[in-house]
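The values are calculated or read from the model by the stated rules, or taken from the named source; none is laboratory data. Quick caveat, the model's predicted, so the values are computed rather than measured. Please note: Cβ atoms are built from the backbone with ideal geometry, for glycine as well, and neighbour counts cover all protein chains shown.
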Ligand code: URA
């Protein structure tokens, strides 16, 4: 087999066989196929697309290109949750302890933030002493003992995807549905869960700006999950404005703790209940999503989810008392309100710009190596559809540097569009994709 022939076949609109895809991915991973040929192939796929069978073969080959985590020593049906990323998306922080408190084993690999979106691991490091550097044995042992563990992604999880993604990033071939779906699902399949619940974001803060693209991606990923024998459900949810009110690492942890105390923002709580009810159902802990939802509401009410978060933080080296005293989490030295420049209604929030404000303050990374400031960020006071008077605060900025605060404030004011006329509030859950 020759890569040249495969590129020509795809360029001319042909479908690659399973063997051809295996040859291509194995060769690329071990360095026998060079970047320039793979770049040409990615561009050919970008224009010609891939059918269902090709997409599944690509996903499975990338999943099997490195370690496949074996979670069989963990009792019960392991359910993973994955979000395509957004601003203020602290869902795992509340959702993981919620479902774990109902007996759903959570064995999760999470990432760090990059660009305008945050990452679960950075947020968790707001708990002094907390570490995600667990061995595979410790990881499984913690799940069996307390029902929950989160570790950083190992270097050898789907290495073909890692290499391919870097190439796509610099050759304008990221935004192809089959390539995105296979990239995300290869990592999820390698991470070993029995079932997968996906949160596909849509809107100005999301990867998929258009709703129809988010649904297409959701459908593609659900098909891939099923094709690989994993029960998969996708929720398409709004990311046209930040989720909840807090944006920034420790600020988001505080909001997640508030939510587990029953005082969380409505939209954030609703998303946790929706995703959670599907996780609990696919794990076989409830007969249907409605019953699961009632169980999840109860675990907030009786504080079992909050206590589960404390157990989890402690098991990974963190200070459990911070869960009960969130005021002791990292705090910025300056807080300043941003006043509304006009009377009216919040018409639109350019969501990724709010993520950028947090990044400017020091809460995000500009490069993979950047150090981040866990204490800084923003707490929104008004969201889309809310009425506002001139001079009333739109948000509070938490900063440690006056110059960065000034820059973030200017950017924030450009991202909040005030309308003279009432505005319809965003719908949070756009739809649920099953089979
Ligand atoms: N996230 C991924 O992991 N892969 C993509 O291709 C796009 C987003």
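Numerical summary
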{"item": "Failed condition for residue 66, given (1) assigned to a loop (DSSP other than H, G, I, E, B); (2) surrounded by fewer than 18 Cβ atoms within 10 Å (Cβ to Cβ)", "result": "(2)"}
{"item": "Contacts under 7 angstrom Cβ, first residue in the range 154-172 being in contact (Cβ under 8 Å) with a residue 24 or more places away in the chain and under 16 Å from residue 65 (Cα atoms), partner in a loop (DSSP other than H, G, I, E, B) and near the ligand (Cβ under 9 Å from one of its atoms), 6 or more apart", "result": "none"}
{"item": "Candidate set: the range 184-198, residues that are within 14 Å of the chain's Cα centre (by Cα) and within 13 Å of the ligand (Cβ to nearest atom); chosen: the one farthest from residue 271 (Cα to Cα)", "result": "187"}
{"item": "Exclusive hit being touching a helix residue (DSSP H, G or I) at 6+ places or on another chain (Cβ under 9 Å), under 28 Å from residue 347 (Cβ atoms) and surrounded by fewer than 22 Cβ atoms within 10 Å (Cβ to Cβ), set 204, 178", "result": "204"}
{"item": "Residue ID - modelled with the lowest pLDDT, chosen from residues in the range 103-123 that are surrounded by 18 or more Cβ atoms within 10 Å (Cβ to Cβ) and part of a strand (DSSP E or B)", "result": "117"}
{"item": "The one condition in (1) in contact (Cβ under 8 Å) with a residue 60 or more places away in the chain; (2) in contact with a strand residue (DSSP E or B) (Cβ under 6 Å, 6 or more places away or on another chain); (3) buried (at least 22 other Cβ atoms within 10 Å of the Cβ) that residue 126 fails to fulfil", "result": "(2)"}
{"item": "Top-ranked residue of the range 199-213 - restricted to ones that are without any contact (Cβ under 8 Å) to a residue 60 or more places away in the chain and in a helix (DSSP H, G or I), ranked as farthest from the chain's Cα centre (by Cα)", "result": "212"}
{"item": "Answer residue from the range 219-233, given it is touching a residue at least 60 places away in the same chain (Cβ under 8 Å) and within 14 Å of the ligand (Cβ to nearest atom) and is surrounded by the fewest Cβ atoms within 10 Å (Cβ to Cβ) among those", "result": "220"}
{"item": "Odd one out for residue 341 among (1) in contact with a strand residue (DSSP E or B) (Cβ under 6 Å, 6 or more places away or on another chain); (2) in a loop (DSSP other than H, G, I, E, B)", "result": "(1)"}
{"item": "Among the residues listed as 346, 376, 350, 384, the single one being in contact (Cβ under 8 Å) with a residue 60 or more places away in the chain, surrounded by 20 or more Cβ atoms within 10 Å (Cβ to Cβ) and more than 25 Å from residue 260 (Cα to Cα)", "result": "346"}
{"item": "Count of the range 159-181 residues which are near the ligand (Cβ under 9 Å from one of its atoms) and either in a loop (DSSP other than H, G, I, E, B) or in contact with a strand residue (DSSP E or B) (Cβ under 9 Å, 6 or more places away or on another chain) (or both)", "result": "4"}
{"item": "When residues of the range 136-158 are limited to those that are in a helix (DSSP H, G or I) and in contact with a helix residue (DSSP H, G or I) (Cβ under 8 Å, 6 or more places away or on another chain), the one nearest to the ligand (Cβ to nearest atom)", "result": "142"}
{"item": "Positions within the range 1-26 being surrounded by 16 or more Cβ atoms within 10 Å (Cβ to Cβ), outside any loop (DSSP other than H, G, I, E, B) and touching a helix residue (DSSP H, G or I) at 6+ places or on another chain (Cβ under 7 Å), in sequence order", "result": "3, 6, 7, 10, 20, 21, 22, 24, 25"}
{"item": "From 216, 133, residue being closer than 30 Å to residue 244 by Cα, more than 12 Å from the ligand (Cβ to nearest atom), without any contact (Cβ under 8 Å) to a residue 40 or more places away in the chain and not in a loop (DSSP other than H, G, I, E, B)", "result": "216"}
{"item": "Strands (runs of 3 or more DSSP E) enclosed by the range 367-435 - at least 1 residues per element that are more than 22 Å from residue 89 (Cα to Cα) and at pLDDT 95 or above", "result": "393-399, 416-419"}
{"item": "All positions within the range 93-113 that are more than 16 Å from the ligand (Cβ to nearest atom) and touching a strand residue (DSSP E or B) at 6+ places or on another chain (Cβ under 7 Å)", "result": "95, 96, 97, 99, 100, 104, 106, 107"}
{"item": "Search result, residues across the range 27-43 that are free of Cβ contacts under 8 Å to residues at least 40 places away in the same chain and surrounded by 15 or more Cβ atoms within 10 Å (Cβ to Cβ)", "result": "27, 33, 37, 40, 41"}
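Results for (1) under 15 Å from residue 255 (Cβ atoms); (2) part of a helix (DSSP H, G or I), shown as yes or no for each residue.
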| residue | (1), (2) |
| --- | --- |
| 58 | no, yes |
| 72 | no, no |
| 76 | no, no |
| 82 | no, no |
| 86 | yes, no |
| 93 | yes, yes |
| 99 | no, yes |
